[in-house]
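A.B. asks: Mind looking over this structure? Questions follow.
The values are calculated or read from the model by the stated rules, or taken from the named source; none is laboratory data. This structure is a prediction, so every number in the text was calculated from the model and none was measured. Glycine also receives a Cβ, built like all others from the backbone with ideal geometry; neighbour counts cover every protein chain displayed. Just the protein is used for accessible areas: all its heavy atoms, side chains included, with ligands, DNA and RNA removed. Shrake-Rupley method; radii C 1.70, N 1.55, O 1.52, S 1.80 Å.
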Amino acid sequence: MLIHRLLAAIILIPSVIFTLFYAPLPIFTYIMFLVCGLAAWEWAQFLQITKKPLKLGFATIFVILLILINYFPIPIEIKSKLFLAILVLSSVWWLIALCLVITYPNTTKYWGNSISIKLLFALFTLVPFFIGMIALRSIGYGNNNYIGATWLLYVFILVWATDTGAYFIGRSFGNRKLAAKVSPGKTIEGFIGGVSLAMVVCFGAYFTGLFTINFSHFIISSLLAIFVSVLGDLTESMFKREAGIKDSGNLIPGHGGILDRIDSLTAAVPIFATLSLYIL
């Protein structure tokens, strides 16, 4: 399993970096439509949608919604306020998700059999993720097309560092369960290891001079993004456990589906974008 994960990572990471830096913003946006469409396809399982035509229909409707949000001809001021409102709602959603993870499975009686509530979960997870990706990639675009790519890559590396530190420290020293009823393999020691490695990345990145943002704002945005990335992983694990599935898909050998790869990013990207671009 580890060798599969390593081989997939060797292929995926360069592909992601190339896309971030060399895909023009319009092409990057189309790629995000595709990624979110695939994620919606996999999310359909959580809604008890199992037939392929229905899953395709759900994913298609979701992509159309993203296209309308992104391209609907409204004044830029109104669109900016709409995007901010969606990102702020995302922050509220992740607070709710934290409560759901902590109280799982006791609170599933309120949402486990509700298609409409789980549909809202999908919207509050994937729509802000799309907006956050586009907002960060758009930073400085036109003057220096690499600024936004650098910001996005930084968030990606934060998440990768958190996952990597948690994996290796958890395997070596993990004893105490972080969320036993949601994801028994995750430990408190792994969590501490992941956060610690990510914070090393955070300090190192800031002192490269690539980020022209107040130091304390950068640290707060990064730390909350690190914490919530773990929550994103746990939340998807909770949904998979409730749906009775191990992986969201089998698109990526050793890594499962698209949702299994972006679960942490669906939380980290919008939170980091909200704090660093709009609030702090």
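A.B. asks: At 1.4 Å probe size, with the rest of the protein present, what percent of the exposed accessible area of the range 211-280 is carbon and sulfur atoms?
C.D. replies: Numbers: 1480 of 2500 Å².
Heavy-atom surface of the range 211-280 belonging to carbon and sulfur, 1.4 Å probe: 59 percent.
A.B. asks: Give the Rg/Rh ratio for the chain, taking Rg as the radius of gyration of the Cα atoms and Rh as the Kirkwood radius, to two decimals.
C.D. replies: Working: Rg = 18.1 Å, Rh = 19.3 Å.
Radius of gyration over Kirkwood radius for the chain works out to 0.94.
A.B. asks: To continue, here is another question. Out of the range 1-72, which trypsin sites (Lys or Arg not before Pro) are coil in DSSP terms and have no more than 13 other C-beta atoms within 10 Å?
C.D. replies: Values: sites: R5, K51, K55; in loops: K51.
Here the trypsin sites (Lys or Arg not before Pro) that fit, given the DSSP loop and packing criteria, are K51.
A.B. asks: Shape verdict for the range 119-277, please, from the Cα gyration tensor: rounded (a/c under 1.5), prolate (a/b greater than b/c) or oblate.
C.D. replies: Values: a/c = 2.13, a/b = 1.37, b/c = 1.56.
Since a/c reaches 1.5 but b/c is at least a/b, the shape of the range 119-277 is classed as oblate.
A.B. asks: For a quick protection proxy, order the peptides 185-194, 10-19, 240-249 by their average other-Cβ count within 10 Å, most packed first. Could the numbers behind the result be given before it?
C.D. replies: Values: 185-194: 20.4, 10-19: 12.4, 240-249: 16.0.
Descending packing order for the listed peptides: 185-194, 240-249, 10-19.
A.B. asks: Turning to a different aspect of this structure: For the chain, with every protein chain kept in place, what is the accessible area per residue (1.4 Å probe, Å²)?
C.D. replies: 49
A.B. asks: Would you grab the residues whose amide H sits under 5 Å from the one on K186? Only those 5+ places off in sequence or on another chain, please, with H modelled 1.01 Å from N.
C.D. replies: When sequence neighbours closer than 5 places are left aside, the close amide H contacts are L178, A179.
A.B. asks: Right, next: Quick one: Karplus J couplings for the range 193-206, per residue in order, coefficients 6.51, -1.76, 1.60, θ = phi - 60°, nearest Hz, x for Gly and Pro?
C.D. replies: Per residue, the Karplus-derived 3J(HN,Hα) values read x, x, 5, 5, 5, 5, 5, 4, 4, 4, 5, x, 5, 5 Hz.
A.B. asks: In whole Hz, with x marking every Gly and Pro, tabulate ³J(HN,Hα) for the range 74-87 from phi via Karplus 6.51 cos²θ - 1.76 cosθ + 1.60, θ = phi - 60°.
C.D. replies: So the Karplus estimates, Gly and Pro as x, are 10, x, 4, 5, 5, 5, 5, 5, 5, 4, 4, 4, 5, 5 Hz.
A.B. asks: With a/c under 1.5 counting as rounded, go ahead and sort the range 41-114 into rounded, prolate or oblate using the C-alpha gyration tensor (a ≥ b ≥ c being the square roots of the eigenvalues; past the cut-off, prolate if a/b is larger than b/c, else oblate). Working shown, then result.
C.D. replies: Working: a/c = 4.18, a/b = 1.26, b/c = 3.31.
Judged from the Cα gyration tensor, the range 41-114 comes out oblate (a/c at least 1.5, b/c at or above a/b).
A.B. asks: Now for a different question. Give me the lysines in straight-line cross-link reach of K186: C-alpha distance below 20 Å, same-chain residues under 8 apart excluded.
C.D. replies: K177, K240, K246
A.B. asks: Within 10 Å, count the other beta carbons around each residue, average over each peptide in 115-121, 151-157, 229-235, and list them highest first.
C.D. replies: 229-235, 151-157, 115-121
A.B. asks: Set the Förster distance to 35 Å, then compute FRET efficiency between F33 and I102 from the Cβ-Cβ distance, nearest 0.05.
C.D. replies: Working: r = 34 Å, r/R0 = 0.96.
Between F33 and I102 the formula returns 0.55.
A.B. asks: So what is the 222 nm mean residue ellipticity for the chain from helices alone, if each DSSP H run of at least 4 adds -39500 (n - 2.57) and you divide by all residues, rounding to the nearest 500 deg cm²/dmol?
C.D. replies: Working: 10 runs with 206 residues, N = 280.
It comes out at -25500 deg cm²/dmol, rounded to the nearest 500.
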